[in-house]
Every structure is written in structure tokens, then in C-alpha cells.
């Protein structure tokens with residue numbers, strides 16, 4: 001069971017090292033300022049070892065052209081050091097940014113849920129839950145248009161649902 005919500009809430013800007021496609025350091029404000037970007041899909045991952053996370057980024061990569069056709073940039077945020085993010089990139093050759101957030105500053109700023117209290121905060125493998133968020137970047141200042149908070153490690157939105165939400169941005 002997930003928590004899905006929509007709002008027009010402004011989000012904190014951030015800059016993180018990027019092991020994937022794009023600039024060495026990814027800046028949210030720079031991505032949002034790109035006139036060819038209408039939406040930014042943020043995928044907050046659990047950790048390096050998470051099989052569901054790996055499956056998700058590979059599935060998104062397989063359909064990335066559909067996101068690009070909608071002027072949407074997908075960005076995966078991994079709560080790990082740059083070296084581990086590079087290992088994913090070396091394995092999967094992702095066509096989108098793969099950001100390293102080793103101190104979980106960005107994940108925490110975006111309220112990525114952590115279960116099991118102190119134990120969960122010490123060990124992301126048991127505590128950190130996946131989040132998918134779509135930011136509407138059409139106004140230059142990105143705002144949350146959609147958020148999906150997983151309640152279990154495998155609880156993630158379907159790719160078709162993410163694409164439908166991005167398409168829906170043009171309806172308002």
C-alpha cells in the first residue's frame with residue numbers, strides 16, 4: 001500500500017555528484033531552467049544492494065525514450081557514495097542522471113520515509129523506503145506535481161503510471 005499525493009509544493013534546490021548521463025554535478029535548478037524540460041521525475045532509491053531499485057532503473061532506462069518524448073528528465077538518487085553510483089552506471093549504462101547522496105541530505109530534505117526509527121536510519125537496507133516524485137518544471141521553479149511513497153521495498157509506481165502523470169501535466 002502506497003501513499004500517493006499531489007500538490008503544488010515548491011521543492012528545495014540541490015546539487016549532487018552525477019555518475020550517470022549528464023553533467024558531473026547535477027543541479028535541480030539548472031535542469032528546471034532548461035527550456036526543453038517540462039518535468040523532472042525523481043526516483044529516491046533505498047540503497048546500492050536493493051534489487052527492486054536496480055530493477056526499477058533498468059526498466060526506466062528501457063523506456064527512457066518515452067520520457068524524453070514528453071520533455072521529462074528522470075533522475076535517480078542513490079543514498080550511497082559516488083563509487084557505488086558509478087558501479088551501477090558501469091553495470092546498467094543508464095541514459096539519465098544517477099546521483100550520489102551519501103549523507104542522504106537530499107533524500108532527507110525531500111522527506112524520503114525511513115522505517116524502524118534509529119535502526120532504519122543507521123541501515124538504509126531495512127529502513128529507507130522508495131519514493132517517486134514528479135516535479136513540474138514548466139514555470140522554471142519546480143513544484144511537486146505527484147509523489148508516490150512506497151510503504152514496502154517493492155512498492156513503486158508502474159512506469160505507465162509515471163508516464164500518465166507526466167502527460168497529465170499538460171492538462172492544466
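The values are calculated or read from the model by the stated rules, or taken from the named source; none is laboratory data. What you see is a predicted model; the values in this text were computed from it and never measured. Using ideal geometry, Cβ is built from the backbone for each residue, glycine included, and neighbour counts are taken over all protein chains shown.
If you go through the stretch 90-103, how many residues are surrounded by fewer than 18 Cβ atoms within 10 Å (Cβ to Cβ) and either assigned to a loop (DSSP other than H, G, I, E, B) or in contact with a strand residue (DSSP E or B) (Cβ under 9 Å, 6 or more places away or on another chain) (or both)? Write out each step before concluding.
If we filter the stretch 90-103 for residues that are surrounded by fewer than 18 Cβ atoms within 10 Å (Cβ to Cβ), which is where we start, we get 90-93, 95, 102-103.
Within this subset, residues satisfying the condition of being either assigned to a loop (DSSP other than H, G, I, E, B) or in contact with a strand residue (DSSP E or B) (Cβ under 9 Å, 6 or more places away or on another chain) (or both) are 92-93, 95, 102-103.
The total comes to 5.
A quick yes/no check of all residues on (1) touching a strand residue (DSSP E or B) at 6+ places or on another chain (Cβ under 6 Å); (2) buried (at least 17 other Cβ atoms within 10 Å of the Cβ); (3) assigned to a helix (DSSP H, G or I); (4) at pLDDT below 95:
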site: 16; (1), (2), (3), (4): yes, yes, no, no
site: 23; (1), (2), (3), (4): no, no, no, yes
site: 47; (1), (2), (3), (4): no, yes, no, yes
site: 54; (1), (2), (3), (4): no, no, yes, yes
site: 61; (1), (2), (3), (4): no, yes, yes, no
site: 67; (1), (2), (3), (4): yes, yes, yes, no
site: 75; (1), (2), (3), (4): yes, yes, no, no
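What number of residues in the stretch 125-149 are over 24 Å from residue 32 (Cα atoms) and either out of contact with any strand residue (DSSP E or B) (no Cβ under 7 Å at 6 or more places or on another chain) or at pLDDT 95 or above (or both)?
Of the stretch 125-149, the ones over 24 Å from residue 32 (Cα atoms) are 125-129.
From what is left, the residues that are either out of contact with any strand residue (DSSP E or B) (no Cβ under 7 Å at 6 or more places or on another chain) or at pLDDT 95 or above (or both) are 125-126.
Count: 2.
Give me the residue from the stretch 77-89 that is touching a residue at least 60 places away in the same chain (Cβ under 8 Å) and assigned to a helix (DSSP H, G or I) and, out of that set, nearest to residue 51 (Cα to Cα).
Only one residue tops the list, namely 88.
Among the candidates 38, 101, 105, which residue alone is touching a helix residue (DSSP H, G or I) at 6+ places or on another chain (Cβ under 6 Å) and touching a residue at least 60 places away in the same chain (Cβ under 8 Å)?
Details: 38 fails: touching a helix residue (DSSP H, G or I) at 6+ places or on another chain (Cβ under 6 Å); 105 fails: touching a helix residue (DSSP H, G or I) at 6+ places or on another chain (Cβ under 6 Å).
Answer to the check: 101.
Just to be sure I understand, how many residues within the stretch 131-149 are assigned to a loop (DSSP other than H, G, I, E, B) and touching a residue at least 24 places away in the same chain (Cβ under 8 Å)?
So in the stretch 131-149, the residues assigned to a loop (DSSP other than H, G, I, E, B) come out as 137-142.
Now restrict to residues that are touching a residue at least 24 places away in the same chain (Cβ under 8 Å): 137-138, 140-142.
So the count comes out to 5.
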